[in-house]
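Working notes, structure below.
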Amino acid sequence: MKNAVLAAIGDELLSGARAEKNALFMAGHLHNKGVNVLRIEEISDEEEEILSLLSRWVGKTDLLVLSGGLGPTHDDRTRYAIAKYLNCGLSPSNAMYDRVVDRVRNDAYRLAYTERCRDPQAMIPDSAEAVYNPAGFALGIRFEREGTTVIALPGVPMEYEAMTRQELPEVFAPDVEHCWASVIILGIPEMTIAERIPEVINNPALHVSILPAFPQVELIIRGDAKTVASAERLIRSRFGSDVLPQGCMSLAEAVLYEARLRGVKVACAESCTGGKIGAALTDIAGSSDVFSGSAVTYSNEAKRNILGVKDETLREHGAVSEECAREMAEGALRIYGADFAVSVTGIAGPDGGSEAKPVGTVWFGFASDMETRAVMKRLPGNREEIRTRTVRFALAELWRMLHNG
C-alpha cells in the first residue's frame, strides 16, 4: 500500500457542530507506515456527494476509508450510495449482525437493536462484504474496485478505531523501518528553529512538520529509525534546556516528569481557566503521586476564603494583578502543602476588559519555598483561545521552574 485517501461524511462536520477526528487518527498511523495520504476530505451526507467521492478516488489510490453515515437514521446514506455506485441491491448480513447483538445483555437494548435497527444497520450492498463491528452496532462495508480497497465504517470514533485496527492490522503493527519522534521546544519562534537546524529541515530522508502553539513549537520528524534518532539527538543538543524531556509528548507530561524526578509536589490556583490546568495534569494517569490539587477560585470571595488573598489586595489592585497572582500562588502552596505552585488570574472575555486591563490580560504567579514571582501576558484570541494559551504558558513556566530550580 503506497497511497491512501480518507473521507469523513456528515453535515455536522461541515456545519462545525462536530469536529472530525477519525481521519486525523488514521492519517497519523498511515504516515508512520510510510503510506502517502493523498487527501483528507469532509463531505455532506448527500448520496451524490458520496458517489462523487467514490468516482474521484476509486482506481486512483490503493486505499479509501470512509467514516460516517452507517447508522439507523434518515441522514445515514452511505450504504445506499455505495450500492448505487456498485449498481447492486442491499441484503441483510444477519449472521454477522447477530454476532453484534449477542454482545448486548440489557433486554431493552437488545430488543431495540434486534428489531428496530437491523434494517438498515445490517444491510450490505450485494457486491460488497460486511465488516464486523466489535465496539458498536452498525456493520461496516468493504469492497475492491480497480485496485482500490474501499472500507466504509461508522463515524463514532471508538467504533472507527476498533474497526480500522481489525481491518488494517498491518497499519498498526510495529514497524522497524518507519518511525517518528516529537520534540517540543519552548519560547523560540518556528522560523528561528528552522534556521538553526538546516541539516534536519533539508534532509530528503526526513519529513519534518513544524507545529507552533504558543508558547511552544512541536517538531514531528518522520523517517527510518536511525535517521530520526540522529535528527532528534541533534535538535536536543542544539536547543538544550529549551527542549522538553525525551518521551514527554505534552507540557503536562513534562511537568509531572520533572516533579517526579525531583520528588516534589505541585499545585494550582485558577481563576480564568476554571480548572483547565488541573485537568491537563490529571488527564495523565498516575498524576496523583506529584499533583496535589487545583483550587478553582473564580470569585473574589473564593480567592479570599480559600486562598487567603487579602482584602486590601483586591480593593487596591484588583483580582487581575501581580499582587493577587502572587498571593494566589502562595495560597495554593500553603493549602495543598506543595513544593511548587502556579496561579492564573485574568480577563478571558469577551467582556470585562478595560483600557488598563484589556481582554487577554493574564497574570501568572509562581511560588516555591525559595521565591514568589509573577508575570503578565497579553494573550490574543477569543475566550477559548485565551484560556488555552493561558494553560499552556502556565504549564511551560511551571516546567521551567521545576527544571531550572
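Report, by residue number, each residue of the stretch 217-248 that is part of a loop (DSSP other than H, G, I, E, B) and exposed (fewer than 14 other Cβ atoms within 10 Å of the Cβ). Selection gives Gln246, Gly247.
Against the definition (closer than 19 Å to Arg326 by Cβ, touching a residue at least 24 places away in the same chain (Cβ under 8 Å) and of a type in the set (Gly, Ala, Ser)), how does Ala295 come out, yes or no?
It is true that Ala295 is closer than 19 Å to Arg326 by Cβ, touching a residue at least 24 places away in the same chain (Cβ under 8 Å) and of a type in the set (Gly, Ala, Ser).
Every condition in (1) closer than 30 Å to His207 by Cβ; (2) over 27 Å from the mean Cα position of the chain (by Cα) is met by Glu48 except one, and the failing one is (1).
All conditions in (1) of a type outside the set (Gly, Ala, Ser); (2) closer than 16 Å to Asn94 by Cα; (3) surrounded by fewer than 21 Cβ atoms within 10 Å (Cβ to Cβ); (4) modelled with pLDDT under 95 hold for Phe137, with the sole exception of (3). For beta carbons closer than 6 Å, sequence separation of 6+ or different chains, a first residue in the stretch 52-66 that is in a helix (DSSP H, G or I) and a second that is surrounded by 15 or more Cβ atoms within 10 Å (Cβ to Cβ) and among the aromatic types (Phe, Trp, Tyr), the qualifying pairs are Leu54/Tyr85.
Inside the stretch 33-68, can you point out the residues that are among the small types (Gly, Ala, Ser) and either under 13 Å from Thr149 (Cα atoms) or at pLDDT 95 or above (or both)?
Ser44, Ser52, Ser55, Gly59, Ser67, Gly68
Restricting attention to the stretch 202-213, which residues are of a type in the set (A, V, I, L, M) and closer than 24 Å to Leu251 by Cβ? Within the stretch 202-213, Val208, Ile210, Leu211, Ala213 meet the criteria. When the helices (runs of 4 or more DSSP H) confined to the stretch 149-215 are screened for residues that are modelled with pLDDT of 95 or more, those reaching at least 3 such residues are found at 157-167, 190-196, 198-201. Of the helices (runs of 4 or more DSSP H) lying entirely inside the stretch 294-359, those carrying at least 2 residues that are of a type outside the set (Asp, Glu), closer than 21 Å to Ala252 by Cα and touching a strand residue (DSSP E or B) at 6+ places or on another chain (Cβ under 9 Å) are 322-336.
Quick test for you: out of Gly381, Gly346, Gly365, Gly352, pick the one residue that is among the small types (Gly, Ala, Ser), free of Cβ contacts under 8 Å to residues at least 24 places away in the same chain and surrounded by 15 or more Cβ atoms within 10 Å (Cβ to Cβ).
The unique qualifying residue is Gly381.
If I ask for residues that are farther than 22 Å from Pro215 by Cβ and either touching a Ser or Thr at 6+ places or on another chain (Cβ under 7 Å) or of a type in the set (Ser, Thr, Tyr) (or both), which ones from the stretch 354-364 would you list? Spell out how you get there, then give the answer.
Going residue by residue through the stretch 354-364, those that are farther than 22 Å from Pro215 by Cβ are 354-356.
The one that is farther than 22 Å from Pro215 by Cβ and either touching a Ser or Thr at 6+ places or on another chain (Cβ under 7 Å) or of a type in the set (Ser, Thr, Tyr) (or both): Ser354.
Conditions first: (1) under 27 Å from Ala285 (Cβ atoms); (2) surrounded by 16 or more Cβ atoms within 10 Å (Cβ to Cβ); (3) touching a residue at least 40 places away in the same chain (Cβ under 8 Å). Ala213 passes all but one, so which condition is the exception? All conditions are met except number (2).
The values are calculated or read from the model by the stated rules, or taken from the named source; none is laboratory data. Everything numeric here is computed off the predicted structure, so don't read it as measured data. In this analysis, Cβ positions are derived from the backbone assuming ideal geometry, glycine residues included, and neighbour counts consider all displayed protein chains.
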